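Notes follow the structure.
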There are 2 protein chains.
Amino acid sequence: METDTNVTVRERIAVPAREGRGVRIGKGQSFRIVDLEGSQVGDLFAFNADDVREYHSAHHTRAVVDRLFPLPGEQFQSNLRRPIMTFVADDSPGVHDMLIAPCDPARFEQLGVDGWHASCQENLQTVMADFGFPDVVVPQSINLFMNIPVRPDGGIDWLPAPTKAGDSVTMRVEMDCYIVLSACPQDIIVINDKAPSPMAIDVLD
Amino acid sequence: METDTNVTVRERIAVPAREGRGVRIGKGQSFRIVDLEGSQVGDLFAFNADDVREYHSAHHTRAVVDRLFPLPGEQFQSNLRRPIMTFVADDSPGVHDMLIAPCDPARFEQLGVDGWHASCQENLQTVMADFGFPDVVVPQSINLFMNIPVRPDGGIDWLPAPTKAGDSVTMRVEMDCYIVLSACPQDIIVINDKAPSPMAIDVLD
């Protein structure tokens, strides 16, 4: 595990509860996603900054790492089967998901919410529109800290994120990327312990 | 299980080994995918015929059925969280996958193949281009009969398809759809027992 003593934070990007933020970072640079208060899922997306039609793709990553979620030292793959991020360190319980779609307006409507509700898909679309890309494909998110155990019969459960305040993961991008993080606004089911809270993107030196 | 005695085949679309074929079928109509010789994976895709930006989405399906792959009686979901197909019957060993990306030219290059090799992604793109859509998003495929067991530690294995000649699945579309099937050309790893073989799409009455 990488510890704070080895890391210098160049810039901290605050991600308010229920919102999304993004940053363009250069090939070889690392960043850290921090769950500031605990039990909070972060939906992470990565797009090639030179051509956003290339992006992180969960089903291509699984085909390379031969597991449902990479381990530290392994690489996330793009939809063009190129390494897009390396999983540098996991300073968390190590529970993450890449099976479940990011929440969106239809999801909350189906959960019985009346009217607008913030969602990870809208957060992604807002951030990418601000970067000049109003019409990106919405990929399967990297659902950091999301607790979706798979049972032996293939069934899945939805449990609260097991993180404590300050838990984090560290990634390095393998091409120039737009990185987007949505602090998941889900407050109807238990994945964020029904209390969405803020997160941070630390761009590291 | 639905049996042949209850089924009338309106049209059989032959899918040669290593190739793809498609058909436009109307809401409420059923079709059957047949593994004609056994041990053959079929990559199935479904697009809304009225707007191909809506298509079957594995991560939205998992979020509704709460399992890695639907059971007969359950529904596949679109990326707009609408039912797009119902899984009517499974006359096969019941082993299918929605975790692994369809094979593509980069996959075969990485497996050491020199020069062109047929792939499920190219088969999909060829069929959809013939329908007038040369630039569709390539979704996670529904990998019928593909044997990708998930171990308790989250690791996945790649095993030969356990089907025998004549095994099939039956689906009903819940909106007008373009259905595309690629008889997977993978012959480097063992998923098709290293012998790609033909399949069929039976459009049912």
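The values are calculated or read from the model by the stated rules, or taken from the named source; none is laboratory data. Not measured: the values here are computed from a predicted model. With ideal geometry, Cβ positions are generated from the backbone for all residues, glycine too; neighbour counts draw on all protein chains shown. Accessible surface areas use protein heavy atoms only, side chains included; no ligands, DNA or RNA. Shrake-Rupley method; radii C 1.70, N 1.55, O 1.52, S 1.80 Å.
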Problem - Positions within region A:105-122 being open to solvent by less than 20 Å² (accessible area, probe 1.4 Å) and in a helix (DSSP H, G or I), in sequence order - result: A:PHE108, A:CYS120
Exercise for the section: Restrict the check to region A:163-174 and report whether at least one residue is surrounded by 16 or more Cβ atoms within 10 Å (Cβ to Cβ) and either modelled with pLDDT under 95 or more than 17 Å from the chain's Cα centre (by Cα) (or both). Expected result: no
Exercise for the section: Could you list, in sequence order, all residues of region A:52-78 that are touching a His at 6+ places or on another chain (Cβ under 6 Å) and either part of a loop (DSSP other than H, G, I, E, B) or aromatic (Phe, Trp, Tyr) (or both)? Expected result: A:PHE69, A:PHE76
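Do the conditions hold for B:ASP193, that is, is it free of Cβ contacts under 8 Å to residues at least 40 places away in the same chain, open to solvent by 10 Å² or more (accessible area, probe 1.4 Å) and of a type outside the set (A, V, I, L, M, F, W, C)?
Criteria not met by B:ASP193.
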Completion exercise
Note on region B:42-85: residues touching a strand residue (DSSP E or B) at 6+ places or on another chain (Cβ under 8 Å), hydrophobic (A, V, I, L, M, F, W, C) and under 16 Å from A:PRO102 (Cα atoms) are B:ALA58, B:ALA63, B:VAL64, B:VAL65
Exercise for the section: Have a look at A:ALA63, A:ALA46, A:ALA129 and point out the one that is among the small types (Gly, Ala, Ser), away from chain B (no Cβ under 12 Å) and more than 17 Å from the chain's Cα centre (by Cα). Expected result: A:ALA129
Practice task
Looking only at region A:133-142, decide whether some residue is within 10 Å of chain B (Cβ to nearest Cβ), open to solvent by less than 20 Å² (accessible area, probe 1.4 Å) and closer than 24 Å to A:GLY166 by Cβ.
Solution key: yes
Practice task
Check B:GLN186, B:GLN125 and return the single one that is of a type outside the set (A, V, I, L, M, F, W, C), at pLDDT 95 or above and open to solvent by less than 10 Å² (accessible area, probe 1.4 Å).
Solution key: B:GLN186
Handout entry: Every pair of residues 6+ apart whose Cβ atoms lie under 6 Å, when the first sits in region B:157-186 and is farther than 17 Å from B:ASP35 by Cα and free of Cβ contacts under 8 Å to residues at least 12 places away in the same chain while the second is outside any strand (DSSP E or B) and not acidic (Asp, Glu)
Key = B:ASP157/B:PRO149
Completion exercise
Here the residues within region A:75-104 that are over 15 Å from the mean Cα position of the chain (by Cα), surrounded by fewer than 17 Cβ atoms within 10 Å (Cβ to Cβ) and free of Cβ contacts under 8 Å to residues at least 60 places away in the same chain are A:LEU80
